[in-house]
Each structure stands twice: as C-alpha cells, then as structure tokens.
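Worksheet for the structure shown next.
Derivation of every value follows stated rules applied to the coordinates shown; laboratory data play no part. Please read all numbers here as calculations on a predicted model, not as lab measurements. Heads up, the Cβs are rebuilt from the backbone with ideal geometry, glycines too, and the neighbour counts pull from every protein chain shown.
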C-alpha cells in the first residue's frame, strides 16, 4: 500500500517539464525586393541574456507566413508570440512558391528585441539570390 501512495504522490508532482518564459505577441511580414514572400517559414531564436546564470534561454518562436507574407509567431501556444528578449531571426522561402530571394535556416537575417511593453511588428527581409544562384530545391517534391 505504501508503494502505491508514493507512486501517486510522485505522479501528482510531475508536469511537462517545459519551463515557460514570458512571451509577447510578435508579428510581421516577410519581404524580398519589397514584395511579400508567401508561405515563408520564420523563426525567432532567443539569445542568451547578458549576465544570465543559466544556459536555458527558452524555445524559438515559429510561424509560416500567409499568402501576403504576414506572420504571427507561436512559442508555447498558438499565436502567443516570442520570448521577451533578444532574438536572431531566420526565414526561408517556400520552395513551392519561387521568388528571387535566398535564405536558409542557419544564416541570420537580423537581430531584434522582443519587448513586453510595446508592439513587436517586424519586416523580415530575405536578400535576393546572387547571380547564377539556383532556387532552393523543394524537399517535399516528388522525385522522378
């Protein structure tokens, strides 16, 4: 009987283990050569805070842009935004919607500060492809 009580108490104290950092609504638009980039994948990667005592900095905010290139980030719950603090931003065009721009998941496009006390609306600009650079291959395309 004692064994079952200990198991119940241990289970009652268990949670998801995911520490939630404070977030703020974060949105924007993805552009290339001044035009919206439809269905781009956007990620805001939190950076370590100066003087932080922990390496745990929280999880990235993520979104897919809509047909007009507009996005609303999600970190923990749909549309909740990004963790408050400094972020490195990446955006990747949708291979199914070719445009004259190029980016990847690794190369930062910009650094931004997400703040709890202000509107967080950003223009994420993807640079044009270099001359001769081919568009990214669609990883979901049917190989023939």
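Based on what the data block shows, is residue 42 under 17 Å from the mean Cα position of the chain (by Cα), touching a residue at least 24 places away in the same chain (Cβ under 8 Å) and more than 13 Å from residue 124 (Cβ to Cβ)? The answer is no for residue 42.
Taken over segment 86-116, the criterion of being over 18 Å from residue 31 (Cα atoms) and in contact (Cβ under 8 Å) with a residue 60 or more places away in the chain is satisfied by 114, 115, 116. How many of the residues making up segment 17-42 are in a strand (DSSP E or B) and within 20 Å of residue 119 (Cβ to Cβ)? Residues meeting the conditions: 9. Tallying residues that are without any contact (Cβ under 8 Å) to a residue 60 or more places away in the chain, under 12 Å from residue 120 (Cβ atoms) and either crowded, with 24+ Cβ neighbours inside 10 Å or out of contact with any strand residue (DSSP E or B) (no Cβ under 7 Å at 6 or more places or on another chain) (or both) within segment 76-85 yields 1.
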